[in-house]
Structures are given as structure tokens and as C-alpha cells.
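Right, one structure below, let's go through it.
Laboratory data are not the source of any read-out in this text; all were calculated from the coordinates shown. In this text the structure is predicted, and so the values were computed from the model without any measurement. Neighbour counts run over all protein chains shown; Cβ positions are idealised from the backbone, glycine included.
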């Protein structure tokens, strides 16, 4: 079991633009290859922050979504938030706040022999890193720059450096980089 931060980023290191939009990413349509399909099949539990959760609500589930869809994940999900958020009927979601350590233990138990996915929020992924719980970063770099927005991972990880495990290109628009995270001694 691994705890993985899997996301897409602009070339200049942002996962959303300054208006919290992902239009820059969706212009490419479905990413070539089956990276996501393979990845999600190995996920047993999901963590996300409130901004990601609210984005899913607004853009995929509630009345403004075209077309409206149901909760996109079969896996149990933990949403980290200090605010009260709307509940999605029928979705296996737990709302939590505070330290990621005890929540990670519950997630690991629920995931069994599958992985934990940190869906969104570079700061949330950073909190897992800070507690020594982040094992891999998998990022698809898109061929755009945004000039600002939500940073990929607002942490300095320099000693020891990340270990590049693979680099895979998808057409002319994306390169997927997979890094192993080592914790400082």
C-alpha cells in the first residue's frame, strides 16, 4: 500500500489557475493513454481538501454541472475541512479536520492492500508529506503555463531529493512524471 499524490499541473507548477479553474486542463479532453484507469483501479481510499470537494460539487454534481453526474468515486473518501460542507447522498464520505496522521490510519485500514490517493490540494499532500506519510507523487505536466494559481506542492523537498521512477509522454500535450518520496532522516 502506498500513499500517492496523483494530479495534473501546468508546466509552471499550478494545479488550478488564479480563479480556481481547470479549464486550462479540460481543453485537452481526455488524457491519452490509460494512466488514470490503471491508477484508479489500484486505489482503495481517497483524501481531498474542501476546495477540491467544493469544485466537484459545483462542476460535476449540482445543478450548474452540465450534465450533472453522481459522486465519481466508488472508494471511501475523507474530506479534510474546518467548515461544514454539503453532504452527497449515497456517497461514502467522511468529513474530518486536524492532523492527517490518525485519519491516514483509518484510510489505510479501509484501503486494505490498495493505495491511498491524495486527490487534490497541494497543501493537503504537503501535510501528508510533513507527517512522513507520502510515498509517491505522480504528476501529469500539461503543455501550458498559468503564471499563478494553486501550487502543485507548496513544500520544499530538497534533501533527500525526490527519486524519478518514470517519465511517460502522452501525445504532444502531457508528460507523466512518477517520483518516489524519501523522508529526511
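So the values come out like this:
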{"item": "At R0 = 25 Å, FRET efficiency that the Cβ-Cβ distance of residue 26 and residue 159 yields, to 0.05", "result": "0.10"}
{"item": "Contour excess over end-to-end distance, with Cα ends at residue 101 and residue 70 and 0.36 nm allotted per residue", "result": "8.2 nm"}
{"item": "Protection proxy ranking of 18-26, 75-83 - average other beta-carbon atoms within 10 Å, highest first", "result": "75-83, 18-26"}
{"item": "Computed label-point distance, nm, for sites residue 38 and residue 59 using a 7 Å Cα→Cβ extension", "result": "2.5"}
{"item": "Fraction in percent of alpha-carbon pairs per bin - 5 Å, the chain", "result": "1, 8, 16, 20, 22, 19, 10, 3, 1, 0"}
